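First comes the structure, then the notes that go with it.
The values are calculated or read from the model by the stated rules, or taken from the named source; none is laboratory data. Source: prediction; values computed, not measured. Positions of Cβ are backbone-derived with ideal geometry, glycine not excepted, and every protein chain shown enters the neighbour counts. Accessible surface areas use protein heavy atoms only, side chains included; no ligands, DNA or RNA. Shrake-Rupley method; radii C 1.70, N 1.55, O 1.52, S 1.80 Å.
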Amino acid sequence: MPLELTQIDWVGGRPAGEIVQDFRLIQPLNIQDADILERDLSEPFCVNLLMANYANRRNRGTFAVSVSTVDVRQVKTVQAAEVLDNQYEKVCFEDLRFHQIYRKPATLEIAGVDGVPGRSVTAWLSSSPIGERVQINGAPTDLTLVHSIVLLKDTEKYQYNAYLLMLFASLLVGLILTAVRNREAI
């Protein structure tokens with residue numbers, strides 16, 4: 001689930017333009033309210049970007065998605081051929097922690113690496129009045145990037161707890177069945 005408490009109505013959608021080699025989109029991240037526990041602030045996070053591939057054409061090339069703060073920056077490379085049309089593309093930042101962007105100035109950037117016109121994907125923008133305004137190739141706009149931030153939770157400890165619970169339940173059922181079959185042993 002998205003972390004931000006404000007429900008955003010993504011209205012007036014339009015594509016940002018093809019993410020070609022010299023394309024650059026900058027979206028300020030201003031996360032002030034999040035419905036999470038204190039212990040979750042140290043979790044890595046992902047950004048879900050609503051992308052389009054122009055009616056499932058065969059796109060090529062790559063683009064970079066980065067998150068930057070005053071102290072740290074992480075860049076992830078995405079293959080344009082893997083982007084689905086009008087679907088969220090999840091980009092995870094394992095080296096960043098949510099507390100590094102929560103209530104602090106941060107930016108999300110999408111930059112073309114080697115995309116060419118006619119074979120590149122795009123990101124969706126919205127004219128929603130909620131959210132920071134995006135810059136495209138250095139020019140300010142009155143639009144915002146359609147995105148959400150989610151935590152990247154490590155579920156391994158939850159799996160171990162589930163296995164222990166199943167083992168305990170199996171032992172309990174076994175004891176009850178043994179007791180029912182051998183009533184004189186009770």
Q: Pairs only if they're at least six apart or on different chains, beta carbon under 6 angstrom, first in the range 69-87 and under 21 Å from residue 125 (Cα atoms), second outside any strand (DSSP E or B) and among the aliphatic types (A, V, I, L, M); list them, first residue then second.
A: 80/121; 83/121
Q: State which residue pairs qualify: first residue on the phi > 0 side of the Ramachandran plot and inside the range 22-36, second residue of a type in the set (A, V, I, L, M, F, W, C) in any location, beta carbons under 9 Å apart, and separation of 6 or more residues or different chains.
A: none
Q) If you go through the range 102-111 one residue at a time, do you hit one that is under 15 Å from the mean Cα position of the chain (by Cα) and over 16 Å from residue 75 (Cβ atoms)? A) yes
(Q) Condition check: under 15 Å from residue 17 (Cα atoms) and touching a helix residue (DSSP H, G or I) at 6+ places or on another chain (Cβ under 8 Å). Does residue 97 satisfy that? (A) no
Q.
Conditions first: (1) open to solvent by 80 Å² or more (accessible area, probe 1.4 Å); (2) not in a loop (DSSP other than H, G, I, E, B). Residue 41 passes all but one, so which condition is the exception?
A. (1)
Q: Kindly provide the set of residues from the range 77-92 that are assigned to a strand (DSSP E or B) and open to solvent by 40 Å² or more (accessible area, probe 1.4 Å), ordered by number.
A: 77, 79, 87, 88, 90
Q | Failed condition for residue 70, given (1) open to solvent by 70 Å² or more (accessible area, probe 1.4 Å); (2) among the β-branched types (Val, Ile, Thr); (3) within 18 Å of the chain's Cα centre (by Cα) | A | (3)
Q: Name every residue in the range 15-38 that is part of a loop (DSSP other than H, G, I, E, B) and either open to solvent by less than 20 Å² (accessible area, probe 1.4 Å) or at pLDDT below 85 (or both), in order of residue number.
A: 16, 19, 23, 33, 35, 36, 37
